[in-house]
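Below is one structure; the comments refer to it alone.
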Amino acid sequence: MSETKKVAVIGFGNIGSGVVKTLYEKGVAGLELVKVIDIDLERKRPVRIPEKMLSPHWQTAVNDPKIDIIVELVGGIEPAKTIITRALEKGKDVVTANKMLLANEGEHIFGLASSLGRRVGFRASFVGCHSLIHEFRTVGSAAKKFRRIYAILNGTSNYILSTMTRDGKTFREALKEAQESGLAEANPSDDIDGIDTANKIRILLNLITNSYQKVPDFHIEGIRDITSQDIQYAAELGYAIKLVGVIEQVDSSVTVGVHPALLPQTSLLGSLQGAYNGTELEDEYGVISGLVAPGAGVYPTTDAIIKDLVDIAEGRPLPMPASAEPLVLGNTELAERRYYLRFSVLNQAGVLAQICNIFWKYNISIAGVIQKEPVSTKFVPVVMTTYKAKEKDIQGAIKAVDKLDAAKAATRLIRILSANT
């Protein structure tokens, strides 16, 4: 153990209170809390500290030469970016839970830290799966050590989909329940539109490629359009619908996406319920491992922050991207996988033959077809699953099907993910 590191916490909200309580009341070997910053110091909190340790001005912590580590818990882009930048420039290490900042400004922050020989701990940006980050402690060659990573990284979306599956509720009903229970914000867009998951995938991709360059744009699709009918049909086929972040590596090409997916009900991720996060990783030898943990909450986030602080205090290296090599993603149109499709068509002879003919022209093999009872006088749902097909072929076939006179609504597409597909 090296000498005790002096710590300042900037942001005294729920998570900040958890960190302060752990450091000040319980104590952590090798760490000493010396300053707490927040613009609102009047609000009641579950921990009391001496008034001399409090300040509304973050500069008092960043400019203090006696402070070794800054814990940034402000959130958002600014002033968080400035706080971290100044702290690094002042020779301090940083610990943050700010996934939005790292996903959008990681090139600046990690690049600066690398050039200055400083450390940035970000376990807490991946609360439910922070142990996965430390799977890649030897980041230099990590990108060659896996075939795929499938990850459920947003507890709110998983809670909504779990509720829809268990109780047969509509998306709106499940979202309202999540909001009433405090699991979803009044404006839940970041969660249900896949933005939060995408931010975490960007951070993870930076780490496993060892590049801090900004991740190029990739396909992001949320869960607003998932219906109770799709969940019911998926269940009949042995699948559960989840919002999944996907990183797949074939040879030297990496494809990335965030979208709803059908997962086998008996798989680790397919069986994941409530507000939990989970990851499933397949290494280069085909060995599959997984991790499940709470996706949010004061204690899990505090625990992740403290683990980074202890690593810094004990002189252990933190996993952090350190290369300026540009990130190039593979063409997702060439990705091959299986698909679930739901067509809404007229209940008349010959329609299924027309669809099958289109799929034959696009070189798509059909694995199964189920024609459901009509849910409307205007159309009947036809559910189809495919064998492996290229994304561009599926998209082309769907466009052709949707142009048929018999098609009465846009085709619903959900990708199928499993170890064998």
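Read-outs throughout are calculated quantities, based only on the coordinates presented, and are distinct from any laboratory measurement. Remember, it's a predicted structure, so these values are computed and weren't measured experimentally. Note that each Cβ is placed from the backbone with ideal geometry, even for glycine, and that neighbours are counted across all protein chains shown.
Of note:
- In order through segment 207-222: 3J(HN,Hα) via Karplus (6.51 cos²θ - 1.76 cosθ + 1.60), integer Hz, x for Gly, Pro: 5, 6, 9, 6, 10, 9, 5, 4, 6, x, 4, 9, 5, 10, 9, x
- GluC sites (Glu not before Pro) restricted to segment 10-96 and DSSP loop, no more than 10 other C-beta within 10 Å: Glu42
- Projecting label points 7 angstrom from Cα along Cα→Cβ for Tyr285 and Ser365 puts them 3.1 nm apart.
- Cα gyration tensor shape of segment 141-293, rounded if a/c is under 1.5, else prolate or oblate by comparing a/b with b/c: prolate
- Residues Asp283, Asp393 arranged by fewest to most Cβ contacts within 10 Å: Asp283, Asp393
- Cubic angstrom per residue, convex hull over Cα atoms of segment 335-416: 79
- C-alpha long axis of helix 80-89 to longest principal axis of the chain, angle in °: 50
- Lysines with Cα under 16 Å of Lys21, excluding same-chain neighbours fewer than 8 positions away: Lys6, Lys35, Lys44, Lys307
- The stretch between Lys372 and Asn357 holds 3.4 nm of extra length on full extension. This uses 0.36 nm per residue minus the Cα-Cα distance.
- Fewest-first sequence of Val383, Val19 by Cβ atoms within 10 Å of each Cβ: Val383, Val19
- Cα gyration tensor of the chain - equivalent ellipsoid semi-axes, whole Å, descending: 45, 23, 17
- Residue-span extension gain [Gln179 to Thr227] - 0.36 nm each, minus C-alpha spacing: 15.4 nm
- Label-point gap, in nm, between Asp402 and Asp167 - each point 7 angstrom along Cα→Cβ: 3.2
- Model label sites at Lys90 and His57, defined 7 Å from Cα along the beta-carbon direction, differ in position by 1.1 nm.
- Arranged from fewest to most other beta-carbon atoms within 10 Å of their beta carbon, Ser55, Ser157, Ser252 become Ser252, Ser55, Ser157.
- Across the chain, the mean sequence separation of Cα contacts (distance under 8 Å, 6 or more residues apart), normalised by length, yields a relative contact order of 16 percent.
- Here the 3J(HN,Hα) profile of segment 35-46, calculated from phi with Karplus coefficients 6.51, -1.76 and 1.60 at θ = phi - 60°, is 8, 10, 10, 6, 6, 10, 9, 8, 5, 6, 9, x Hz, Gly and Pro shown as x.
- Residues whose placed amide H lies under 5 Å from that of Val250, excluding near-sequence neighbours: Thr255
- Value of relative contact order over segment 5-121, rounded to a whole percent, pairs C-alpha under 8 Å and six or more apart: 24
- 3J(HN,Hα) couplings calculated from phi for segment 154-170 with the Karplus curve 6.51 cos²θ - 1.76 cosθ + 1.60 (θ = phi - 60°) are, in sequence order, 10, x, 5, 5, 5, 5, 4, 5, 5, 5, 4, 5, 6, 9, x, 7, 6 Hz; Gly and Pro show x.
- Taking 0.36 nm per residue of separation and subtracting the current Cα-Cα distance, fully stretching the chain between Val310 and Gln395 would add 25.7 nm.
- Folded to 0 to 90 degrees: helix 391-402 orientation relative to the chain principal axis, Cα: 50
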